[in-house]
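Chemist: I'd like to ask you about the structure that follows.
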Amino acid sequence: MKQCTHADALPHPEPEPLTATCPECLAEGTDPVQLRLCLTCGHVGCCDSSPKRHATGHHEQTGHPVMRTFEPGEDWRWCFVDHVLV
(Lines give C-alpha, C1' and ligand atoms only; values in the text may rest on other atoms or scores of the structure.)
Protein backbone atom coordinates (compact mmCIF):
# COMPACT_ATOMS: atom_id res chain seq x y z
CA MET A 1 0.00 0.00 0.00
CA LYS A 2 1.40 3.36 -1.03
CA GLN A 3 1.96 5.91 1.74
CA CYS A 4 2.66 9.63 1.88
CA THR A 5 6.33 10.39 2.36
CA HIS A 6 5.72 14.09 3.10
CA ALA A 7 3.38 14.22 6.12
CA ASP A 8 6.19 14.00 8.69
CA ALA A 9 7.83 17.15 7.26
CA LEU A 10 4.72 19.34 7.58
CA PRO A 11 4.88 22.29 10.00
CA HIS A 12 3.32 21.90 13.44
CA PRO A 13 1.03 23.51 14.17
CA GLU A 14 -0.40 23.69 10.68
CA PRO A 15 -0.31 27.15 9.07
CA GLU A 16 -3.17 29.57 9.50
CA PRO A 17 -5.27 30.06 6.35
CA LEU A 18 -4.07 33.13 4.44
CA THR A 19 -7.62 33.88 3.25
CA ALA A 20 -11.18 32.70 3.90
CA THR A 21 -11.72 31.64 0.28
CA CYS A 22 -9.81 31.05 -2.95
CA PRO A 23 -8.18 34.40 -3.82
CA GLU A 24 -7.70 33.42 -7.47
CA CYS A 25 -11.43 32.67 -7.85
CA LEU A 26 -12.23 35.95 -6.11
CA ALA A 27 -9.99 37.89 -8.50
CA GLU A 28 -11.49 36.12 -11.53
CA GLY A 29 -15.09 36.51 -10.36
CA THR A 30 -15.71 32.76 -10.25
CA ASP A 31 -17.14 30.66 -7.43
CA PRO A 32 -15.00 27.93 -5.87
CA VAL A 33 -16.70 24.54 -5.57
CA GLN A 34 -14.79 23.26 -2.52
CA LEU A 35 -11.84 24.75 -0.67
CA ARG A 36 -8.48 23.20 0.17
CA LEU A 37 -5.77 24.44 2.57
CA CYS A 38 -2.08 24.05 1.73
CA LEU A 39 -0.42 22.55 4.81
CA THR A 40 2.93 24.09 3.96
CA CYS A 41 2.01 27.77 3.65
CA GLY A 42 -1.73 28.26 4.36
CA HIS A 43 -2.81 29.09 0.79
CA VAL A 44 -6.52 28.46 0.25
CA GLY A 45 -7.47 27.18 -3.20
CA CYS A 46 -10.44 25.62 -4.93
CA CYS A 47 -10.62 21.89 -5.64
CA ASP A 48 -10.38 20.05 -8.94
CA SER A 49 -14.17 20.22 -9.35
CA SER A 50 -13.81 23.99 -9.76
CA PRO A 51 -13.13 25.23 -13.30
CA LYS A 52 -9.63 26.56 -12.57
CA ARG A 53 -8.39 23.97 -10.02
CA HIS A 54 -6.41 26.54 -8.02
CA ALA A 55 -5.35 24.17 -5.19
CA THR A 56 -3.71 21.85 -7.73
CA GLY A 57 -2.25 24.86 -9.53
CA HIS A 58 -0.72 26.04 -6.25
CA HIS A 59 0.92 22.64 -5.78
CA GLU A 60 2.23 22.68 -9.38
CA GLN A 61 3.72 26.17 -8.93
CA THR A 62 5.20 25.67 -5.46
CA GLY A 63 5.78 21.96 -5.04
CA HIS A 64 3.98 22.06 -1.69
CA PRO A 65 2.95 18.42 -1.31
CA VAL A 66 0.00 18.10 1.10
CA MET A 67 -3.32 19.89 1.43
CA ARG A 68 -6.34 19.30 3.58
CA THR A 69 -10.00 19.97 3.07
CA PHE A 70 -11.07 23.43 4.19
CA GLU A 71 -14.74 22.48 4.29
CA PRO A 72 -16.73 22.46 7.55
CA GLY A 73 -17.37 18.97 8.88
CA GLU A 74 -14.70 17.32 6.71
CA ASP A 75 -11.36 16.01 7.96
CA TRP A 76 -9.03 14.53 5.35
CA ARG A 77 -5.69 15.31 3.70
CA TRP A 78 -4.30 14.61 0.23
CA CYS A 79 -0.71 14.26 -0.91
CA PHE A 80 -0.36 15.56 -4.48
CA VAL A 81 3.06 13.93 -4.90
CA ASP A 82 2.26 10.43 -3.70
CA HIS A 83 -1.40 10.52 -4.83
CA VAL A 84 -2.75 9.17 -1.53
CA LEU A 85 -4.97 10.21 1.33
CA VAL A 86 -2.84 11.06 4.34
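Chemist: Could you work out the mean projected area of the convex hull around the alpha carbons of the chain, in square nanometres to one decimal?
Modeler: That works out to 5.7 nm².
Chemist: A further question follows. Could you tell me which Cys residues in the chain have no other cysteine's Cβ under 4.7 Å from their own Cβ, answering none if every one has a partner?
Modeler: Taking the Cβ cut-off of 4.7 Å, the unpaired cysteines of the chain are 38, 41, 47.
Chemist: Give me the dipole magnitude in Debye, nearest 20, for the stretch 19-86 about the Cα centre, with unit charges on the beta carbon: positive for Lys and Arg, negative for Asp and Glu.
Modeler: Its charge dipole is roughly 100 debye.
Chemist: Tell me, what is the FRET efficiency for residue 81 and residue 26 to the nearest 0.05, using R0 = 30 angstrom and their Cβ-Cβ distance as r?
Modeler: Given R0 = 30 Å and the Cβ-Cβ separation, E is 0.65.
Chemist: Once neighbouring chains are kept in place and the probe is 1.4 Å, which whole percent of the accessible area of the stretch 1-81 is contributed by carbon and sulfur?
Modeler: 52 percent
Chemist: How much accessible area per residue does the chain have, counting only protein heavy atoms and a probe of 1.4 Å, in square angstrom?
Modeler: 61 Å²
Chemist: Of 33, 47, 79, which is farthest towards the positive pole of the chain's charge dipole, taken about the Cα centre with +1 and -1 on the beta-carbons of Lys, Arg and Asp, Glu respectively?
Modeler: Result: 79.
Chemist: OK, next. Hand me the chymotrypsin sites (Phe, Trp or Tyr not before Pro) from the stretch 47-84 located in a DSSP loop with no more than 11 other Cβ atoms within 10 Å, in residue order please.
Modeler: 76
Chemist: Under the classification rounded if a/c is under 1.5, otherwise prolate if a/b is larger than b/c and oblate if not, where does the stretch 26-74 fall, given a ≥ b ≥ c as square roots of the Cα gyration tensor eigenvalues?
Modeler: Note, shape of the stretch 26-74 comes out oblate.
Chemist: Taking the Cβ of residue 79 as the centre, find all other residues whose Cβ is under 13 Å away and add up their charges (Lys, Arg: +1; Asp, Glu: -1).
Modeler: So the surrounding residues net to +2.
Chemist: Sorting 53, 68 by accessible area (1.4 Å probe), largest first, what list results?
Modeler: Most to least solvent-accessible, the answer reads 53, 68.
The values are calculated or read from the model by the stated rules, or taken from the named source; none is laboratory data. Remember, predicted model here, so these are calculated numbers, not experimental data. Glycine gets a Cβ as well: all are built from the backbone with ideal geometry, and neighbour counts include every protein chain shown. For accessibility, only protein heavy atoms count, side chains too; no ligands or nucleic acids. Shrake-Rupley method; radii C 1.70, N 1.55, O 1.52, S 1.80 Å.
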